[in-house]
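Reading through the structure tokens given below for one structure.
Laboratory data are not the source of any read-out in this text; all were calculated from the coordinates shown. This is a predicted model, so every value here is computed, not measured. No Cβ is skipped: glycine too gets one built from the backbone with ideal geometry, and neighbour counts run over all protein chains shown.
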Amino acid sequence: MIKELKFEEPILVTRPKLPECDKYISYVKDIWNNNWVTNNGPLHNKLKKEMESYLKVKNVELFTNGHLALEVALKSLKLNGEVITTPFTFISTTNAIINSGLKPIFCDINEEDYNIDVNKIEDLITKDTCAIVAVHVFGNPCNVSAIEKIAEKYNLKVIYDAAHAFGVRLNEKGIGEYGDISMFSLHATKVYNTIEGGALTYNNSEFNNKFKMLKNFGMCPITGEILESGINAKMNEFQAAMGLCNLESIDENILERKRIYNCYYNNLKDIRGFKLINISNEYYYNYAYFPLVLTEECKISRDNLIKALEKYNVYARKYFYPACNEVDYLIKSSTPTPVASKISKSIMTLPMYVGLSTESVEQICNIIKYEVSEK
Ligand SMILES: *Cc1c(COP(=O)(O)O)cnc(C)c1O
């Protein structure tokens, strides 16, 4: 260890982006003036409109968090049976499928960007398959055209977990325009936050009232009748206020993430045994994470590098680990996915947040270079 490289204050893997306090307070004053704190308040409605425009999507519905938004999306499609999904995601994706009474069928991932391997989907389709739930992992778009073709051929619904992909655009379209429904997480750890929060985006306007009904106990937004066993997943005005503040600086923040990303990339790309994701020019990216895979050629294991970084007060994260089909309650009933299994045991994400200075990133890279060469 080189003592001079130790940080005095812990460098965490992520930090929430907070707006200027005064700006937030001015919105909070609006809440007091309106005397309206939740249930489709004026700030909620304003954020919905602004988000439709920023995300370049036809429709947005806002939720209290991303996970419940995903459960509402699944419920709204009246699905039954098996859902083909990826094991390389945050456990929320898998749990939302299970909580909706559906069976997750795990499809392995590709080695390039760790998204669902579109060449392996068709083999898993049975007469019980009703949908594909894919994830734009780390914000890199799935092969949406291949998924669309398969879905058309077998008459399947497509839901994207776009939790990481806020602001990503593909072929001049918002990433949320693809599939039947996409879910964005607006949690404090994500690229854009409303403290906690979630959004569904969709083209079919028939979902408008359905989502409003399902997120408000199953009550019809027009007549107030109880139509279904809905849940409570509404976004409140304090969340919407945070969202309106943070939307003002989103492009600036993505640029700042890009600076951090490029600094890591240039410092680490030539290290033997390190595998980085190639960001393609074909899409507008949001630089949500900096994932790093340590291959067998690397002199140090993922777990040991994470431990070594902790001695310098740097906290990286095993993300995603374990693969979702390797948690206790699924391991026995799921077929193995060797690529996802291997990647989940060798991947880590490095600190990445607005406010992380170039000097700090350089210092983290110097620590990594030293620790990798030591072993
Ligand atoms: C964060 C996340 C979720 C859950 O979103 P919340 O807003 O935290 O409920 C779901 N899927 C993925 C891939 C995530 O990263």
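Prolate is the label for the range 300-375, because the ratio a/c of its alpha-carbon gyration tensor axes (a ≥ b ≥ c) is 1.5 or higher and a/b is greater than b/c. Across the range 204-336, the relative contact order, built from alpha-carbon pairs under 8 Å that are at least six residues apart, equals 11 percent.
Between Trp32 and Lys258, the simple label model (points 7 Å from Cα in the Cβ direction) yields a spacing of 4.0 nm. From the largest down, the chain spans 69, 56, 38 angstrom on the principal axes of its Cα atoms.
In nm, to one decimal, how far is the modelled label at Ser53 from the one at Asp123, with both set 7 Å along Cα→Cβ? If labels sit at Ser53 and Asp123, their model points lie 4.8 nm apart.
Extension gain, Glu359-Asn208: 0.36 nm per intervening residue step, less the Cα-Cα distance, totals 49.7 nm. Counting only the backbone N, which residues of the range 9-53 are under 16 Å from the spot 7 Å out from the Cα of Ile250 toward its beta-carbon? What the label zone holds, given the 16 Å backbone N cut-off, is 17-19, 44-53. Qualifying GluC sites (Glu not before Pro) in the range 1-96, where qualification requires a DSSP coil assignment and no more than 15 other C-beta atoms within 10 Å, comprise Glu8, Glu20.
Set the Förster radius R0 to 25 Å, insert the Cβ-Cβ distance between Asn40 and Ile226 as r into 1/(1 + (r/R0)^6), and round the FRET efficiency to 0.05.
Details: r = 18 Å, r/R0 = 0.72.
Once rounded, the FRET efficiency stands at 0.90.
Here the relative contact order of the range 142-189, from alpha carbon pairs under 8 Å that lie six or more residues apart, stands at 38 percent.
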